[in-house]
1. How do Asp249, Asp209 stack up against each other in accessible area, from largest to smallest, with a 1.4 angstrom probe?
2. Could you order Tyr134, Tyr283, Tyr142 so the one with the most accessible surface comes first? Probe is 1.4 Å.
3. At a probe radius of 1.4 Å, what is the per-residue accessible area of Asp123, in Å² to the nearest 10?
4. Considering amide H positions built from the backbone, and no H for Pro or chain starts, which residues 5 or more places from Val201, or on another chain, come under 5 Å of its amide H?
5. Suppose accessible area is computed on protein heavy atoms with a 1.4 Å probe; arrange Ser185, Ser153 from highest to lowest.
6. Counting only the heavy atoms of the protein chains, how much of Arg67 is accessible to a 1.4 Å probe, in Å² to the nearest 10?
7. Rounded to the nearest whole Å², what accessible area per residue is found for the range 159-234 with the 1.4 Å probe?
8. Give me the Å³ per residue figure for the convex hull around the C-alpha atoms of the range 140-290.
Amino acid sequence: ANLEALLQPPMGFQRGQVLGLVDLATTCQYTKEQTRQQDVQKVVASEVVGQWATPVRKAWWLKSPLRAQGRPGVWTLRLPRSLVPDDALPLLGTALTPREISPQPTASGVEDVQDLPDMMVFDLDGVCWRPEMYQTAGGPPYQRISEGVVLNSANEEIRLFPAVRRVWALLHSLRSQGVRVAVASSSRRHKALPLLETMEVAPGITMKDVIDRRLFEMYYRRGEYKRPHLETLLAKSGVAPNKVLFVDDSAKNIQSVRPLGVCAVHLPEGLTEAAWSHSLEMYRAHQNVT
């Protein structure tokens, strides 16, 4: 067993999250002599070996942490398959095809268009780029210095999150198939709009080019969070709420829109490949219950 590895979680893993999987054997009764044996003490799920103990066969970290509220006693949780390490999948009685287990999809995308929402709604600050606009001293004009990185007027770097260029380029390529991209943001408009015009997701294609220009809501409503943004986007687009996927780094923004019937996914670490896979898993699950 590898229990010692569990004492040092990877960077970005913290309390208040589901961090890993543990394969447990049958709980059984040990004699006093057995509890003194080092090989027994190394495999049981207890700091102090008692008369009854549960051996641990193996342990894994998830590909990325999953936020969840703990409860007393034993409880169940729906774990997205995309977060499960590949070698742990047989434990769950499921297997992935080679295409599904690819950790970094190609630029052409491996997502099935049927699994994508009719309208994809993005928050910007903290989901698509960092730092957030209110955290920067400078603004436009922006200077592009590398893929996904620009400098503002105060010489501060603004970076896209790892999956933004691939995902946004993919969504741009699917416009003819009915996939629409919208924005629900409370960013600083005078900084964010020129940034959207500068950041490229593919050669000659900016983030602004990807967004449906009718589906752009950027303002701050104290105490209302993102509900008015999504209400307006639903009204303008005519898309059914259950066909909408909204991602935001603020839990309060997410909670504010769920009563509307949209699939809203909290991305506290921004749009990474793991976060994108998790979001699509949540959207697919949402289709099964609506």
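The values are calculated or read from the model by the stated rules, or taken from the named source; none is laboratory data. Source: prediction; values computed, not measured. Note that each Cβ is placed from the backbone with ideal geometry, even for glycine, and that neighbours are counted across all protein chains shown. For the accessible areas, the whole protein counts, side chains as well, though only heavy atoms, and no ligand, DNA or RNA atoms are used. Shrake-Rupley method; radii C 1.70, N 1.55, O 1.52, S 1.80 Å.
1. Values: Asp249 40, Asp209 65 Å².
From most exposed to least exposed: Asp209, Asp249.
2. The ordering from most to least exposed comes out as Tyr134, Tyr142, Tyr283.
3. Per-residue accessible area (Asp123): approximately 10 Å².
4. Thr206, Met207
5. So the residues, ranked largest to smallest area, are Ser153, Ser185.
6. Approximately 130 Å² of Arg67 is accessible to the 1.4 Å probe.
7. Numbers: 3610 Å² over 76 residues.
Accessible area per residue: 47 Å².
8. Details: hull volume 17.6 nm³, N = 151.
It is 116 Å³ per residue.
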